[in-house]
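> Submitted below is the structure of interest, expressed as structure tokens.
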Amino acid sequence: YTILSKVHSDRNVYPSAGVLFVHVLEREYFKGEFPPYPKPGEISNDPITFNTNLMGYPDRPGWLRYIQRTPYSDGVLYGSPTVENVGKPTIIEITAYNRRTFETARHNLIINIMSAEVDFPLPYQAEFFIRNMNVEEMLASEVLGDFLGAVKNVWQPERLNAINITSALDRGGRVPLPINDMKEGVYVMVGADVPFSSCLREVENPQNQLRCSQEMEPVITCDKKFRTQFHIDWCKISLVDNTKQVSTFQEVIRGEGILPDGGEYKPPSDTLKSRDYYSDFLITLAVPSAIALVLFLILAYIMCCRREGVEKRNMQTPDIQLVHHSAIQKSTKELRDMSKNREIAWPLSTLPVFHPVTGEMVPPLHTDSYDNTSMPLMQTQQ
């Protein structure tokens with residue numbers, strides 16, 4: 001028979017508040033819930049994806065994240081529970097989907113958040129940005145252990161814990177290009193019980209701050225202890241000392257919650273008085289129209305009634321200049337009249353050729369009434 005859905009038994013986990021919680025959803029754990037391949041003996045490698053949500057809600061709690069890179073890789077639930085969730089069981093519904101047979105398998109993950117020790121979370125917290133890691137690679141226990149070991153070698157604390165891990169994409173980072181196996185980057189926050197070491201404080205030097213502002217690598221003496229496996233961006237390191245932070249609720253001065261007396265409230269009357277808009281009409285339309293009319297009359301008087309004319313121009317011009325101008329106009333008129341009445345014989349170049357058989361000259365094709373004023377000015381050829 002076909003198994004449509006099967007429910008696993010509930011699994012209980014007990015993370016601590018303020019400490020990183022990681023839970024791996026293994027594909028091998030769910031393969032037994034789906035029927036095998038049709039061919040006996042063939043190894044089952046179905047693509048399986050997971051869906052996780054808080055029971056009764058469509059999504060997970062705010063502190064819990066989930067990632068699965070491909071359907072052929074395991075899914076990971078990770079996050080850092082807060083103190084507000086202590087004592088409240090969180091039931092996460094996990095649904096596995098077989099992408100070959102479209103079957104499902106479900107089980108519940110009960111997260112019982114335990115209260116941490118008195119000094120948790122640890123007061124001194126440092127957040128590192130690792131450029132050559134993805135979040136699922138960093139969540140692996142051996143990789144995270146190597147990183148904490150390197151931090152412990154540099155910091156020398158008595159107690160060191162991973163507080164939270166966040167992908168750079170969740171901080172507004174861009175998806176890397178698929179070139180040279182580029183990584184998206186991951187933020188790792190760790191906490192310790194001793195102050196920061198001198199090596200971690202080197203990033204706060206003015207010289208290193210200047211280099212970071214110029215997008216240059218700062219000079220950190222302990223970088224070589226990480227460089228073999230982890231490429232840390234020291235310009236993005238964040239050092240938080242919770243021992244020096246003053247809680248904000250102590251500075252808030254709460255009042256009595258009573259507003260000052262502003263007198264008796266007087267609502268507006270129910271009856272509204274009529275308003276005369278005649279004065280508003282005069283101000284908005286009549287006055288601008290009158291001003292525009294006055295300006296139009298002034299402009300018309302200047303353009304039409306103040307013209308000087310040709311006579312005043314001639315009176316202000318010297319006589320010798322008027323005589324020269326008149327002579328030029330007279331000569332120009334005579335030349336134009338002469339060009340219109342010019343009679344010119346037809347040049348030989350415009351006459352037709354001799355008849356090829358009789359040798360007689362063919363008469364012109366045009367009549368005597370043809371307008372010859374447009375003929376070219378050429379000398380008559382004999």
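The values are calculated or read from the model by the stated rules, or taken from the named source; none is laboratory data. This structure is a prediction, so every number in the text was calculated from the model and none was measured. No Cβ is skipped: glycine too gets one built from the backbone with ideal geometry, and neighbour counts run over all protein chains shown. Accessible surface is based on the protein model in full, side chains and every heavy atom, while ligands, DNA and RNA are left aside. Shrake-Rupley method; radii C 1.70, N 1.55, O 1.52, S 1.80 Å.
> Identify the single condition in (1) part of a strand (DSSP E or B); (2) at pLDDT below 90; (3) crowded, with 17+ Cβ neighbours inside 10 Å that Leu77 does not satisfy, given that it satisfies every other one.
It fails just one condition, (2).
> Check Arg60, Arg131, Arg65, Arg106 and return the single one that is without any contact (Cβ under 8 Å) to a residue 60 or more places away in the chain and among the basic types (Lys, Arg). Give the derivation first.
Numbers: Arg131 fails: without any contact (Cβ under 8 Å) to a residue 60 or more places away in the chain; Arg65 fails: without any contact (Cβ under 8 Å) to a residue 60 or more places away in the chain; Arg106 fails: without any contact (Cβ under 8 Å) to a residue 60 or more places away in the chain.
None of the others qualify; the one that does is Arg60.
> Among the helices (runs of 4 or more DSSP H) lying completely within region 112-225, list those that include at least 3 residues that are under 30 Å from Lys88 (Cα atoms) and either touching a strand residue (DSSP E or B) at 6+ places or on another chain (Cβ under 8 Å) or open to solvent by 20 Å² or more (accessible area, probe 1.4 Å) (or both). Quick ask: steps written out before the conclusion?
Working: elements: 135-138, 141-155, 198-201, 206-213.
Output list reads 135-138, 141-155.
> Here are Leu122, Leu200, Leu169: which of them is more than 27 Å from the chain's Cα centre (by Cα), within 19 Å of Gly79 (Cβ to Cβ) and either among the hydrophobic types (A, V, I, L, M, F, W, C) or not assigned by the TED database to the domain that holds Asp223 (or both)?
Details: Leu200 fails: within 19 Å of Gly79 (Cβ to Cβ); Leu169 fails: more than 27 Å from the chain's Cα centre (by Cα).
Exactly one of Leu122, Leu200, Leu169 is more than 27 Å from the chain's Cα centre (by Cα), within 19 Å of Gly79 (Cβ to Cβ) and either among the hydrophobic types (A, V, I, L, M, F, W, C) or not assigned by the TED database to the domain that holds Asp223 (or both), namely Leu122.
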